[in-house]
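The structure appears right after this line, and notes come after that.
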Amino acid sequence: MTSASSLVTALTEAGTTSSGEATLFWVLAPLMVLGALGLLFSRRTIHVAVSIAGVMVGLAILYVAQEAFFLGFVQIVVYTGAIMMLFLFVLMLVGVDASDSLVETISGQRWIGLLAGLGTGAVLVGIVTRASFAAPVGLEAANTDTNPVGVSRLVFGNYVLALEVVGTLLVTAALGALVLTHRRRLTRKVGQREIAEAKVAQGARLTPLAAPGVYARHNAMDVPALDPYGEPIEESVSRVLRIRGQEAAAEAFALQEDAEERAVPEDEWLTTTEDPDELEGGEQK
Amino acid sequence: MSLTNYLVLSTLLFTIGTMAVLLRRNGIIVFMGVELMLNATNLALVTFSRMHGNLDGQVFAFFVMVVAAAEVVIGLAIIVAIFRTRRSASVDDVNLLRN
Amino acid sequence: MNTVTLGSLLASPHPVADFSNDNGWIWLLKAVGIVVFLLVSVLFALWFERRLVARMQLRPGPNWHGPAGAWQSFADAGKLLLKEDMTVKAADKVVYHVAPLISVTCALLIYAVIPFGPEVSIFGVVTPLQLTDFSGGVLYILGVTALGVYGIVLGGWSSGSTYPLLGAVRSTAQIISYELSMSLALIAVVIMSGSMSTSAIVEAQAQFWWAVTLFPAFVLYVISMVGETNRLPFDLPEAEGELVSGFMTEYSSMKFAWFFLAEYINMLNVSAVATTLFLGGWRAPWPLSAINDGMFNTGWWPVLWFVVKVWMFMFLFVWIRGSLLRFRYDQFMKFGWKVLIPIGLVFVVGVATIQVLRLELEGVDLRTPLMIGAGVVVVLAVLSLFLPERKEPEPELSEPEPFDAFAGGYPVPPLPGQVLPPSPRAARRAAAQEAAAEPGTVAVLEAEEAPQDEAGQTPETKESDDV
């Protein structure tokens, strides 16, 4: 195994990577760039979030390939597990259809932005490719006591002050988020018990509403349920349907003494109650 | 393959992140662009760490992650707060203090 | 399955377990073995859970197909495979199809780092019974669990329907919060073992299981692992009574089966992690481990102990399901954030302090003082059982209010301590008995009673009809 792993990650004498790592890179890198492009071209915010999460998993794999085991897993736990999940959570909270407006507030911003972006890219790529680096050393030596141990020596040694500052920052940020999203309650909180007591005191219905159609001989949403006496329960049909007048006539489905009456004529199925009194009655709860 | 390829990938991701920040209007997507830029620098840091043969670069990347987490927490809280009052996540609508 | 390539990539240069003898087909054999083990276990778990819950609820459970109904799982699996595969019209097609696969893939990945046993010889090749092992095993477990949530969240969102979305939002919040307390429990183990590699953690438990020495972390882990797998009493993302089936409401046939499979494999995963990190992994339980110089800790025996321990946790899952009710969502979040996480934080700080002291006082044998300390804590805990319970502050006994048998129009039975007002009928009966001596008045009294009764009852019955 040790031989296999060093085959994958260790650098060769000339400072280039092994062929295994090169394959991994050439498979992952195009996928990651494609995923990142989703940030520019995707319509739906959720798709953007998913593709960015994919890019971050790809980065984690590259970290591991570059002998940064600890960072690779932290990347997955922190970025994909927490940060992108937070993004998804907020997206679901604020409504996923929050899409871009197409009105340009600053004229020509799109072209300026494109130019600036491409320019930055060109400059950076130019610098990176033209710079001559010393022959890479590799982390074999630094990782002798396994990578997590090496990193933790530094974090709790040379950089312990930075760690503490960053920890304070994180706690402050969490508090700040609490303060920002906190809404003071304008009315007193009404508990489960109080609601139940109020219901009893009012003489209101204590049980959930009956589901439509269950006890009738029809399973549709617009057919009221029948009570034990065979009478239709008006409230069992959705209030929206009742107000729109789309409720089916219950009598057609009610239990009837006469077998012949049970045969429902086709047109009677479709009759709707448009009695205004009944509609008003539907608005109670 | 030399390690420069990693650096090029990192700059590409950084550029895409920059363009997302410059071009997109949805506050949440802009934020993801910022995250992508931070991630791209992390990749560069990890690569440099490997080039130099010491772990300081990885420690830097670790701290960047923590700061990014703090930033996201605050940023998303701001977006949620704005959304509550303005019913929109677009960055163009955040101009209450303008006039 | 890309476990093999990923595993070979991840393996650190200095793993604790020695895989140097492995070759390609041993890898393959182990990977396939793990997948087969998981699938068979899931089939068994379906039957096991249904029989056990039935037993707890005093009914037979599946008992028709095969010995004791054991083939029932196969029938269920076949049913899922052959059902009509529906795709919701409002669904976001790609994400909708990918989500179950994310779930199941992440679920299958965890067992790669779980040691089933020590080194054994497979067809002459000496190799540890573990697919891979690296310096960040525990982090790997946390990372893969975090990825698995994506399946649930994306599946819930992409269905384009209300209940699944609500289930998805709930499960995001739930898993983020319970993963915190879970990682705190794991960190305590990592600090004490001094390594994040699973085989090293098993090695560190040669003398004491961490479940004994780190008991609070164990309890913390067991609670949050139930939360992590969406099982009762924490099954809020798929609460049947509230959300139909939560995030998987709009899934059917094989796509549903993937989610289902992932859920059961996740139960096996957290059980295996709990076994490895807290119950000594594949190590034989104490009296057995002492037999014949640890004969039961060598060869293939440890697989037996491992499987038995995992199934103990599975039994625990079913037991909990059979006996506890679902939490309300706000209570559940409150419990996670205000109880589990603070306890975890305090405990981790305590463990870290002890560990630092141990390292500082190298050479001083701390085992005895620690054991004495633990003993004192246990004794105090036992003593605390004998303390008289603190009396609830008695409610101020003011003048007892007269009991109103018809409060708010409903007939109410008296609570303990309350007395019904004297019945008017009893008074009348007494009067009637008295009057029986004087025959002349009886007729008058009876005539008086009848109409009164009617007047008293009619409104009441009418009211109950209205309700």
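The values are calculated or read from the model by the stated rules, or taken from the named source; none is laboratory data. This structure is a prediction, so every number in the text was calculated from the model and none was measured. Heads up, the Cβs are rebuilt from the backbone with ideal geometry, glycines too, and the neighbour counts pull from every protein chain shown.
When each of A:A141, A:A196, A:A201, A:A210 is tested for being more than 9 Å from chain B (Cβ to nearest Cβ), exposed (fewer than 12 other Cβ atoms within 10 Å of the Cβ) and farther than 23 Å from B:A69 by Cα, the lone residue that passes is A:A196. Summed over region C:16-71, the residues that are surrounded by 15 or more Cβ atoms within 10 Å (Cβ to Cβ), within 22 Å of the chain's Cα centre (by Cα) and not hydrophobic (A, V, I, L, M, F, W, C) give a count of 5. Among the residues of region C:246-258, count how many are assigned to a helix (DSSP H, G or I) and more than 17 Å from C:F234 (Cβ to Cβ). The number of residues fulfilling the criteria is 6. With respect to the conditions (1) modelled with pLDDT of 90 or more; (2) within 14 Å of chain A (Cβ to nearest Cβ), C:S41 lacks only one, and its number is (2). Filtering region B:50-66 to residues that are without any contact (Cβ under 8 Å) to a residue 40 or more places away in the chain and facing another protein chain (nearest Cβ under 7 Å) leaves B:H52, B:G53, B:N54, B:L55, B:D56, B:Q58, B:V59, B:A61, B:F62, B:F63, B:M65, B:V66. Going by the structure shown, is C:M312 modelled with pLDDT of 90 or more and either surrounded by fewer than 16 Cβ atoms within 10 Å (Cβ to Cβ) or among the charged types (D, E, K, R) (or both)? Yes.
Among the residues of region B:18-41, those that are without any contact (Cβ under 8 Å) to a residue 24 or more places away in the chain and within 7 Å of chain A (Cβ to nearest Cβ) comprise B:T18, B:M19, B:A20, B:L22, B:L23, B:R24, B:I29, B:M32, B:G33, B:L36. Any residue in region C:219-241 that is surrounded by fewer than 23 Cβ atoms within 10 Å (Cβ to Cβ), more than 30 Å from C:G280 (Cα to Cα) and touching a helix residue (DSSP H, G or I) at 6+ places or on another chain (Cβ under 8 Å)? The answer is yes, given that some residue of region C:219-241 is surrounded by fewer than 23 Cβ atoms within 10 Å (Cβ to Cβ), more than 30 Å from C:G280 (Cα to Cα) and touching a helix residue (DSSP H, G or I) at 6+ places or on another chain (Cβ under 8 Å). Listed by position, the helices (runs of 4 or more DSSP H) contained in region A:194-285 that have at least 2 residues being modelled with pLDDT under 80 are A:259-262, A:266-270, A:276-281.
Among the residues examined, C:Q72 does not qualify as of a type in the set (S, T, N, Q) and farther than 30 Å from C:Y111 by Cα. Considering region C:125-167 alone, what residues qualify as being under 15 Å from C:Y96 (Cα atoms), aliphatic (A, V, I, L, M) and at the interface with another protein chain (Cβ under 7 Å from one of its Cβ atoms)? Passing the criteria: C:V149, C:V153, C:L154, C:L165. For region B:27-72, the candidate set comprises residues that are among the charged types (D, E, K, R) and touching an Asp or Glu at 6+ places or on another chain (Cβ under 9 Å); within that set, the residue that is modelled with the lowest pLDDT is B:R50.
For region A:170-192, the criterion of being polar (S, T, N, Q), farther than 30 Å from B:R84 by Cα, away from chain B (no Cβ under 11 Å) and not in a loop (DSSP other than H, G, I, E, B) is satisfied by no residue at all.
Yes/no matrix, rows are residues, columns are (1) on the phi > 0 side of the Ramachandran plot; (2) out of contact with any Phe, Trp or Tyr (no Cβ under 7 Å at 6 or more places or on another chain); (3) in contact (Cβ under 8 Å) with a residue 60 or more places away in the chain:
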{"site": "C:R51", "(1), (2), (3)": "no, yes, no"}
{"site": "C:R59", "(1), (2), (3)": "no, yes, no"}
{"site": "C:W64", "(1), (2), (3)": "no, yes, no"}
{"site": "C:A70", "(1), (2), (3)": "no, no, no"}
{"site": "C:A75", "(1), (2), (3)": "no, yes, no"}
{"site": "C:K83", "(1), (2), (3)": "no, yes, yes"}
{"site": "C:M86", "(1), (2), (3)": "no, yes, yes"}
{"site": "C:A90", "(1), (2), (3)": "no, yes, yes"}
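Evaluating A:A98 against the criteria (1) at the interface with another protein chain (Cβ under 7 Å from one of its Cβ atoms); (2) surrounded by fewer than 24 Cβ atoms within 10 Å (Cβ to Cβ); (3) under 19 Å from C:T172 (Cα atoms); (4) at pLDDT below 85 leaves one unmet condition, (3). Annotation note: of C:L184, C:L214, C:L165, the sole residue that is buried (at least 21 other Cβ atoms within 10 Å of the Cβ) and under 18 Å from the mean Cα position of the chain (by Cα) is C:L184.
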